[in-house]
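Step one of this worksheet: look at the structure below.
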Amino acid sequence: MKSKLFLILMIFGLLGCDDFLDEAPEDFVTPQGFFKNEAQFNEAVTAIYNTNRGLMNGAHWRFGENRGDNSSFQYNPNDRGGRPNEEVDNFLLLAANTNISSYWNSAYSGIARANFALENLAAIEFLDASEPEIRTGEILFLRSWFYFNLVQLYGDVPLVLSAGNTPDEILSDEFLQRSPAAEVYAKILDDMDTAIAVLPNKDGTESGRATKGAALMLKAKMHMVLQEFGTARDLLEQMQGYSLQTSYASIFDPENKNNDEMVFEIQYSFALGQGSDFVTRFVPFNSGTDILGENGPANSRGGQNQPTQNLIDLYNPADARLLHNVSFYDDGFAIQPWMSKFNFGFVAQGSNAQDVNFPMFRYADALLMLAECYQEVGGGNPVPLIEQVRGRSLEDGTLSAAEQADLEQTIADERRRELAFENHRWFDLVRTGKAVDVMTAHGVAQKAQKSTIPAEAFTNIRTILGIPLGQVEEFGFTQNEGW
């Protein structure tokens, strides 16, 4: 019964609700009777965004960056509690790894909140007649984003589209079976058509909310995973009103939040008690107060998302992106690179928090996606798009003859340089079918550079995760092959 109660709580997104845990409800509260007014409904939609923020700040970067060849970790022999995180990087994961279950639970919590909100929408009286359609578009965008990542990471996953009216319904086979990945894609592609039709263009009035441009870009990403480059190209060409910032660092500057390059930006606000902690998490664990100053000392589990030498070597030494993304700390024994992309200082001394937003989608990504589509199926010239992105960070962004002769690799390298530490790399490797080869070679290089990597690391590179062991044991899900 304990496991069933947990699933009910997860589906309703009430895992953090103390009142629910303190009082045993006499009746089962249906989704249709929960919200009473527009303000309550808008709070419910905001809660979906909050779930996404937690996911992006937590498990997502471990799989998007650590699992790829962009980043690794600074080994701390005195902190073996961080071993589950190291196992992500070294391809030594077991299905019981907490990162696997954390991602699954967070994503399905967001899906549950989305379903809950959708089933209450019709009962709410809105002051503005356009609001129901817009809120529907937002919810479908977020739910589709959760499912898009789930299906890329886990393969076939439960396609839950209802909040459920009774405990029995929630625990029925409809909720507790994995749907084929093709079925999941068909549903979220259809939902994105709805979102594109109803969401407004970005106008700066409600920063952080989903817009038509974000929906177009998400749907294009889905089609690229499905190798449908012509459809993705057509969607990307519809994106209007965006432009590159003049300097790379200014994209992420908290004084320049929600700028014209940002298609969808995850919001953090120190003033509202929702500051970000990117720097404190990623500085070398042994840097003390040398980097953080009064906001230190560094945490013993710091040094995560550490730039790899392979990534550093990919940049031209004069590339503004290298100079902004990577810093170096001399601990007296070795030079430790660390990811400084979001290092813009602290709002207040001793606060241990920043006011920096996180870029989920930005226009440079869209331009490089479009360049890849042109390279794959034609319809335009990819070279000017690549040079436009590169030219912002290099005095001469012109592609060499060799780079133009191998545009497939050139685009992949440029995406890696431009989007480093924005959680795209692993998904790009899988999408292009290069994950096993690239990560095998990366493992050889890592073992040559680090004596702390186990011999068995990088010997079993799997492109999808196992279904969380707890889910398999409690609910009977079929485990992925090899897990």
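The residues on offer are Phe333, Phe421, Phe361, and the sole one that is outside any helix (DSSP H, G or I) and at pLDDT below 95 is Phe333.
Checking the condition in contact (Cβ under 8 Å) with a residue 60 or more places away in the chain and open to solvent by 10 Å² or more (accessible area, probe 1.4 Å), which residue from Pro307, Pro254, Pro284 passes?
The unique qualifying residue is Pro254.
Summed over region 52-84, residues that are open to solvent by less than 20 Å² (accessible area, probe 1.4 Å) and either of a type in the set (A, V, I, L, M, F, W, C) or in a helix (DSSP H, G or I) (or both) total 12. Taking the criterion of being open to solvent by 20 Å² or more (accessible area, probe 1.4 Å) and within 30 Å of Pro284 (Cα to Cα), the only residue of region 354-389 that qualifies is Asp355. Would it be correct to say that Ser250 is in contact with a strand residue (DSSP E or B) (Cβ under 9 Å, 6 or more places away or on another chain), more than 17 Å from Gly213 (Cβ to Cβ) and of a type in the set (S, T, N, Q)? It is false that Ser250 is in contact with a strand residue (DSSP E or B) (Cβ under 9 Å, 6 or more places away or on another chain), more than 17 Å from Gly213 (Cβ to Cβ) and of a type in the set (S, T, N, Q).
Of everything in region 161-201 that is at pLDDT 95 or above, open to solvent by less than 20 Å² (accessible area, probe 1.4 Å) and β-branched (Val, Ile, Thr), the residue that is nearest to the chain's Cα centre (by Cα) is Ile188.
The residue list Thr280, Thr231 contains one member that is modelled with pLDDT of 90 or more and either of a type outside the set (A, V, I, L, M) or on the phi > 0 side of the Ramachandran plot (or both), which is Thr231.
Checking Gln245, Gln238 one by one, the residue that is more than 28 Å from Thr463 (Cβ to Cβ), open to solvent by 50 Å² or more (accessible area, probe 1.4 Å) and out of contact with any strand residue (DSSP E or B) (no Cβ under 7 Å at 6 or more places or on another chain) is Gln238 and no other. Between Ala232, Ala215, Ala220, the distinction of being in contact with a Phe, Trp or Tyr (Cβ under 9 Å, 6 or more places away or on another chain) and farther than 13 Å from Ala364 by Cα belongs to Ala215 only.
Any residue in region 314-330 that is modelled with pLDDT of 95 or more, in a helix (DSSP H, G or I), within 30 Å of Ala210 (Cβ to Cβ) and open to solvent by less than 20 Å² (accessible area, probe 1.4 Å)? For region 314-330, residues modelled with pLDDT of 95 or more, in a helix (DSSP H, G or I), within 30 Å of Ala210 (Cβ to Cβ) and open to solvent by less than 20 Å² (accessible area, probe 1.4 Å): present. The number of residues in region 447-469 that are touching a Phe, Trp or Tyr at 6+ places or on another chain (Cβ under 7 Å) and closer than 28 Å to Asn149 by Cβ comes to 9. Selection of region 433-483 for residues being among the hydroxyl-bearing types (Ser, Thr, Tyr), under 24 Å from the mean Cα position of the chain (by Cα) and open to solvent by 60 Å² or more (accessible area, probe 1.4 Å) yields only Thr440. When the residues of region 437-483 are filtered to those that are in contact (Cβ under 8 Å) with a residue 24 or more places away in the chain and among the acidic types (Asp, Glu), the one that is farthest from Pro337 (Cα to Cα) is Glu474.
Among the criteria (1) out of contact with any helix residue (DSSP H, G or I) (no Cβ under 6 Å at 6 or more places or on another chain); (2) of a type in the set (A, V, I, L, M, F, W, C); (3) at pLDDT 95 or above; (4) surrounded by fewer than 23 Cβ atoms within 10 Å (Cβ to Cβ), the one Leu292 does not fulfil is (3).
The values are calculated or read from the model by the stated rules, or taken from the named source; none is laboratory data. All of these numbers come straight from a predicted model, not from anything done at the bench. A quick note on method: Cβ atoms are made from the backbone with ideal geometry, for glycine too, and the neighbour counts reach across all protein chains shown. Calculation scope for accessible area: heavy atoms of the full protein, side chains included, ligands and nucleic acids excluded. Shrake-Rupley method; radii C 1.70, N 1.55, O 1.52, S 1.80 Å.
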